[in-house]
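Note sheet for the following structure.
The values are calculated or read from the model by the stated rules, or taken from the named source; none is laboratory data. Remember, predicted model here, so these are calculated numbers, not experimental data. Using ideal geometry, Cβ is built from the backbone for each residue, glycine included, and neighbour counts are taken over all protein chains shown.
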Amino acid sequence: MDWLSIIPPILAIAVVLWKKEVILGLLLAIIAAELLLLISNNQPLLLTPVVAVDRVVSAVQGAGNARILMFSLLVGALLAFIRDSGGVSALVNKLVNSGLASSKKKAGGITMLTGTVVFIESNLSVLSSGIMARGLFDKYKMSRARLAYIIDSTSAPICILILLNGWGAYILSLLSAYELEENALKMLWSSVPFNFYALLTLAVVAYTIFADKVHGPMKQAEQELARIDSQINIPQATKARFMLVPLSLMILGTLFFMWWTGHGNLSAGSGSRSVLYATFIASIVGYLMLVLSGRETHQSAMKIGFGGISELLPLVTIVLLSISLGASLKALGTGVFVANIVGEHLPLFLVLPALFVAGALMSFTTGTSWGTFAILIPIGMPLVETLGLPPELVLAAILGGGIFGDHCSPLSDTTAISSLAAGCDLLTHVKTQLPYALVVGAASVLLYIAAGLLVL
């Protein structure tokens, strides 16, 4: 049964690569895992659908998992309130009107700053900064390809580093199924300094802006200055407080409830309870601000909130199936078997770069970093438990690899939206961004090798 135990994750990866369907891949992997468990226990194979459903149900029975799933849905409502209120557009306008964009370097800097400030969601970050900066880049004779690179290479790295957003909620939910020494929230924050790809990508973006130097195909694009004018609907600007107040409440509320649930010790607090309580309060405040300001009625505000929840339903489904697959693989002993194979055939210092490269390849071929996280975290976390690997390094390698592949892939939704927001041809954006991503990716592999040699 040892070798057979790796069939479910391989099946999941194969389906994702072949069909580009993460939910289907995870569902088939759960069914395969439960089928193998029935075979090993000499039980009727006709029970496979039943035990697969029971496995998914058991994932929701845990209070921690239930809280995370509720939080993931509430984040959708909160993001919708913030987005449709016009608060994001108002904050962007404030940044532009402050006189911070009076030169070529300042125009690039304000674009990166906007993408950083709007860290609540990667596509929102891309759209806000891209649309805001189009006129500035045209004014200072900078190419739309350069704009697409700046907004694309700022959004995902910022979202994966700041983590007080849907990205953090999603990854936290995937981690919640594993009983490690560190709580999931602390592990997530501890991974930030080791997310070499995200940190180096931001550093390279800053270099291209403040040194005013571009290389490779980007240099040619600067000379051609090609652009595509596309129409994108963004809510009309209102007041920046519609974004700042709910977002501040979520951030400060999470810290307060971490302190409260930890009885005065932040690091000992319950991450799943804290983020759920804080997001619930922030969502209520976001709703009340919309209604009491007269901008929306109760009915229209509720429609916005449930619309935001519906947008995240596919991701919440992925979270649920990933947690369930992790439980199935644990019962099957897949993690222990993979750990033994890795321990025997792969030097420990190469595990981190191997996870980074695997994440990059999956994300590149599928166009989804989140789907990559859902499949690799259930494979990587058992390595922490069995081989004693540092959890923050393993997690950082998986997350960084997913972002790297996403940046290189023409199939990525963020790549497509970046091209749309900047008014740049999609393939031109991919071609001009690729050299920067590959250089940073190669540097990240070397850093993970070095980290493995130093730590393991």
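Note on segment 1-106: enclosed helices (runs of 4 or more DSSP H) holding 1 or more residues that are of a type in the set (Ser, Thr, Tyr) are 22-40, 48-61, 63-84, 87-97.
Of the residues making up segment 14-27, those that are touching a residue at least 12 places away in the same chain (Cβ under 8 Å) and either surrounded by 19 or more Cβ atoms within 10 Å (Cβ to Cβ) or more than 20 Å from Thr48 (Cβ to Cβ) (or both) are Val15, Val16, Leu17, Lys20, Val22, Gly25, Leu26, Leu27.
Here the helices (runs of 4 or more DSSP H) wholly within segment 353-456 that include at least 2 residues being within 21 Å of Lys186 (Cβ to Cβ) and among the hydrophobic types (A, V, I, L, M, F, W, C) are 369-387, 391-408, 426-455.
Has segment 422-439 got any residue that is among the acidic types (Asp, Glu) and more than 17 Å from Gly371 (Cβ to Cβ)? Quick ask: steps written out before the conclusion?
Taking segment 422-439 first, the residues among the acidic types (Asp, Glu) are 425.
Cutting the leftovers down to more than 17 Å from Gly371 (Cβ to Cβ) gives us 425.
Yes: one or more hits.
Name the residue that is surrounded by the most Cβ atoms within 10 Å (Cβ to Cβ), counting only residues in segment 107-165 that are charged (D, E, K, R) and over 18 Å from Leu420 (Cα atoms). The extreme case among them is Lys139.
Conditions tested, residue by residue: (1) surrounded by 13 or more Cβ atoms within 10 Å (Cβ to Cβ); (2) over 18 Å from Ala422 (Cβ atoms); (3) under 19 Å from the mean Cα position of the chain (by Cα).
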position: Ser176; (1), (2), (3): yes, yes, yes
position: Leu180; (1), (2), (3): yes, yes, no
position: Ala184; (1), (2), (3): yes, yes, yes
position: Trp189; (1), (2), (3): yes, yes, yes
position: Pro193; (1), (2), (3): no, yes, yes
position: Leu199; (1), (2), (3): yes, yes, yes
position: Ala211; (1), (2), (3): no, yes, no
position: Met218; (1), (2), (3): yes, no, no
position: Glu222; (1), (2), (3): yes, no, no
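Being in contact with a Phe, Trp or Tyr (Cβ under 6 Å, 6 or more places away or on another chain) and surrounded by 23 or more Cβ atoms within 10 Å (Cβ to Cβ) holds for only one residue in Gly371, Gly380, Gly452, Gly405, and it is Gly405. For segment 219-237, the criterion of being farther than 21 Å from Leu124 by Cα, acidic (Asp, Glu) and at pLDDT below 95 is satisfied by at least one residue.
So, Leu11, is that one buried (at least 17 other Cβ atoms within 10 Å of the Cβ) and touching a residue at least 40 places away in the same chain (Cβ under 8 Å) or not? It is false that Leu11 is buried (at least 17 other Cβ atoms within 10 Å of the Cβ) and touching a residue at least 40 places away in the same chain (Cβ under 8 Å).
With respect to Ser191, is the statement that it is of a type outside the set (A, V, I, L, M), modelled with pLDDT of 90 or more and assigned by TED's automatic domain parsing to the domain that holds Leu434 true?
Details: of a type outside the set (A, V, I, L, M): yes; modelled with pLDDT of 90 or more: yes; assigned by TED's automatic domain parsing to the domain that holds Leu434: yes.
Considered against the rule, which asks whether it is of a type outside the set (A, V, I, L, M), modelled with pLDDT of 90 or more and assigned by TED's automatic domain parsing to the domain that holds Leu434, Ser191 comes out as yes.
Restricting attention to segment 252-285, the residues that are modelled with pLDDT of 80 or more, among the polar types (S, T, N, Q) and in contact with a Ser or Thr (Cβ under 7 Å, 6 or more places away or on another chain) add up to 2. Whenever a residue of segment 168-186 is in contact (Cβ under 8 Å) with a residue 60 or more places away in the chain, its partners that are part of a loop (DSSP other than H, G, I, E, B), lying with C-beta atoms within less than 7 angstrom and at least six residues away or across chains, give the pairs Ala184/Ser176.
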